[in-house]
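Contents: one structure, followed by commentary.
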Amino acid sequence: MQGIAGMKSVNTRPTSTRLIAWALLLATSAAWSIYALSAVAGTMQDIRDRARLIVAVYKDFAPFSDEGQGIDVDVGKALAEKLGLTAEIMSFKDGETVDDDLRNVIWKGHFLWNQPLADVMMHVPIDQDLARKNQMVRILAPYFSEQLVVARNRNRIPQLVTLDALSREKVAVQFGTIEDHYLMNSFGGLLRENVVHFGTMGEAVAALRKNEVAAVMGIRTQIELGMAGAGADYAIAPVATPGLALTGWDIGVAVNAGNPELAALVEKAMAEMRKDGTLKWICTKHGLTYPARHGSGNE
C-alpha cells in the first residue's frame, strides 16, 4: 500500500498568498498539537459505554473492503458481535507505509482527518519487525493468510510439482513483485526468457485466460478473484520455491497498546471465530479459499 504526493513550487505564488499559507500552517500545527494530546487510548469501559466498536478498514481494497463490503468488513462486524457490540465501520485512505496507517488510525490520529481513532484496524500483517517498530500498538488475532500460488492451464501444464515446467512454457507475473524477482533470478536465470511482465495482476491473470501464457504466479487472493468462473481447465496451487523465504504471511488486526483488555478480548473472539467456522464462511461468501494460517499450521 503506497501513495504518491505532489506539490506546486511555492515560488509561483504571490507574496500575500505565501503569508496566508504560513499562517494556515501555524494554525494547523497548533491544532495538531492539541489533537495529538487528546488522542489517548480509550478503555474497554469507554467502548462498552458507547456500545460500538470502531473498526477501521482500507478504502478501495476489494475483496476485503470496498464501498462498505468485503471480508474485512464482515470480519469486523462479526468481531463486534462477539464482543456484544455494534460495529461502526470507518474507512481510511492508506498512507505511504503500514507504520503511517497504524499511527493515523490507532494511536495518534491525523490532523486533517475529521474522524476518531479506531478501536480495531483490520488487515495488518503479522510481522515481528512491524510489531517491533510500532510499540504503541498490539498486532494480533490472525484471521486470514496470504500465499504465493501458481495458476496454470491444465492442458498445457498437466502437473506442476516443481517450477521446471516453466522452463518450457510462458508464465505471467506482475512487474516488481516478489514472484517477479524470484522467477527472474532463480535457477541461474533458467526461467528468465519465459517470464512475461504485466502492470497489474489483473492483466496477468487475463493473459492466462486468453491462453497467451500457460501460467501466472502471484498472491492467491488476486489470482482466485481473476480466475473466478474459469472452469476445470485451470488449477491453482502453491508450488515448491527453493531459496524463497517468504511464501506466505498471516493477516491480523491492530489495537492500541494502551488497551490490554480489548487486545485480550479480540484475541479470544477471533480464535472462537476460527474454530466455529465463521471466518471460513466469510471467505467462501466472497469467493475465496479460506487458507490455513501460515504461521500456525492448519488451524
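The values are calculated or read from the model by the stated rules, or taken from the named source; none is laboratory data. Quick caveat: nothing in here was measured; it's all calculated off a predicted structure. Reconstructed Cβ throughout: ideal geometry from the backbone, glycine too, with neighbour counts over all protein chains shown. When the accessible area is computed, the model is the full protein with side chains, heavy atoms only, and any ligands, DNA or RNA have been set aside. Shrake-Rupley method; radii C 1.70, N 1.55, O 1.52, S 1.80 Å.
Sort out for me the helices (runs of 4 or more DSSP H) sitting completely within region 179-290 that have 2 or more residues that are open to solvent by less than 50 Å² (accessible area, probe 1.4 Å) and not aliphatic (A, V, I, L, M).
Numbers: elements: 201-209, 220-226, 260-275, 278-285.
Once the helices (runs of 4 or more DSSP H) in region 179-290 are filtered for at least 2 residues that are open to solvent by less than 50 Å² (accessible area, probe 1.4 Å) and not aliphatic (A, V, I, L, M), what remains is 220-226, 278-285.
Mind checking which residues of region 147-163 are within 27 Å of the chain's Cα centre (by Cα) and under 13 Å from Val213 (Cβ atoms)?
Val150, Ala151, Arg152
Just one of (1) open to solvent by 10 Å² or more (accessible area, probe 1.4 Å); (2) of a type in the set (D, E, K, R); (3) under 18 Å from the mean Cα position of the chain (by Cα) trips up Asp72, so point out which.
(1)
Quick one: is Arg103 open to solvent by 60 Å² or more (accessible area, probe 1.4 Å) and either at pLDDT 95 or above or touching a Leu at 6+ places or on another chain (Cβ under 7 Å) (or both)? Break it down into steps so the answer makes sense when it comes.
Working: open to solvent by 60 Å² or more (accessible area, probe 1.4 Å): yes; either at pLDDT 95 or above or touching a Leu at 6+ places or on another chain (Cβ under 7 Å) (or both): yes.
Taking the combined requirement at face value, the residue satisfies it.
Can you list residue pairs whose Cβ atoms sit under 9 Å apart, with the first residue in region 124-144 being open to solvent by 20 Å² or more (accessible area, probe 1.4 Å) and the second being at pLDDT 95 or above and basic (Lys, Arg)? Count only pairs 6 or more apart in sequence or on different chains.
Ala131/Arg138; Met136/Arg103
Quick one: what pairs do we get from region 238-265, first residue farther than 18 Å from Gln135 by Cβ, second in a helix (DSSP H, G or I) and open to solvent by 60 Å² or more (accessible area, probe 1.4 Å), C-beta under 9 Å, 6+ apart or different chains?
Correct list of pairs: Pro242/Phe187; Gly243/Phe187; Leu244/Ile178; Leu246/Ile178; Thr247/Ile178; Glu261/Gln45; Leu265/Lys82.
Is it fair to say Val149 is open to solvent by less than 50 Å² (accessible area, probe 1.4 Å) and either closer than 19 Å to Ala240 by Cβ or in contact (Cβ under 8 Å) with a residue 40 or more places away in the chain (or both)? Full working, then the answer.
Details: open to solvent by less than 50 Å² (accessible area, probe 1.4 Å): yes; either closer than 19 Å to Ala240 by Cβ or in contact (Cβ under 8 Å) with a residue 40 or more places away in the chain (or both): yes.
Spelling it out, Val149 is indeed open to solvent by less than 50 Å² (accessible area, probe 1.4 Å) and either closer than 19 Å to Ala240 by Cβ or in contact (Cβ under 8 Å) with a residue 40 or more places away in the chain (or both).
Which ones in region 157-178 are within 18 Å of Gln147 (Cα to Cα) and either open to solvent by less than 80 Å² (accessible area, probe 1.4 Å) or assigned to a helix (DSSP H, G or I) (or both)? Can you show your working first?
Our first condition is that a residue be within 18 Å of Gln147 (Cα to Cα); within region 157-178, this holds for 160-163, 171-178.
Within region 157-178, Leu160, Thr162, Leu163, Val171, Ala172, Val173, Gln174, Gly176, Thr177, Ile178 qualify.
Out of the residues in region 166-177 that are in contact (Cβ under 8 Å) with a residue 40 or more places away in the chain and not charged (D, E, K, R), which is farthest from Ala232 (Cα to Cα)?
Step one: list which residues in region 166-177 are in contact (Cβ under 8 Å) with a residue 40 or more places away in the chain, which gives 166, 169-174, 177.
If we keep only those that are not charged (D, E, K, R) as well, we get 166, 171-174, 177.
Values: Leu166: 20, Val171: 19, Ala172: 20, Val173: 22, Gln174: 24, Thr177: 28 Å.
The extreme case among them is Thr177.
Could you tell me whether region 51-61 includes any residue that is at pLDDT below 95 and either in contact with a helix residue (DSSP H, G or I) (Cβ under 6 Å, 6 or more places away or on another chain) or open to solvent by less than 60 Å² (accessible area, probe 1.4 Å) (or both)?
Within region 51-61 (the criterion being at pLDDT below 95 and either in contact with a helix residue (DSSP H, G or I) (Cβ under 6 Å, 6 or more places away or on another chain) or open to solvent by less than 60 Å² (accessible area, probe 1.4 Å) (or both)), the answer is yes, since at least one residue qualifies.
Could you count how many residues in region 106-123 are surrounded by fewer than 21 Cβ atoms within 10 Å (Cβ to Cβ) and acidic (Asp, Glu)?
0
Checking Thr86 against (1) of a type outside the set (D, E, K, R); (2) out of contact with any Phe, Trp or Tyr (no Cβ under 9 Å at 6 or more places or on another chain); (3) open to solvent by 40 Å² or more (accessible area, probe 1.4 Å); (4) modelled with pLDDT under 95, which test does it fail?
All conditions are met except number (4).
Of all residues in region 188-206, count the ones that are at pLDDT below 95 and within 19 Å of Leu246 (Cβ to Cβ).
The total comes to 1.
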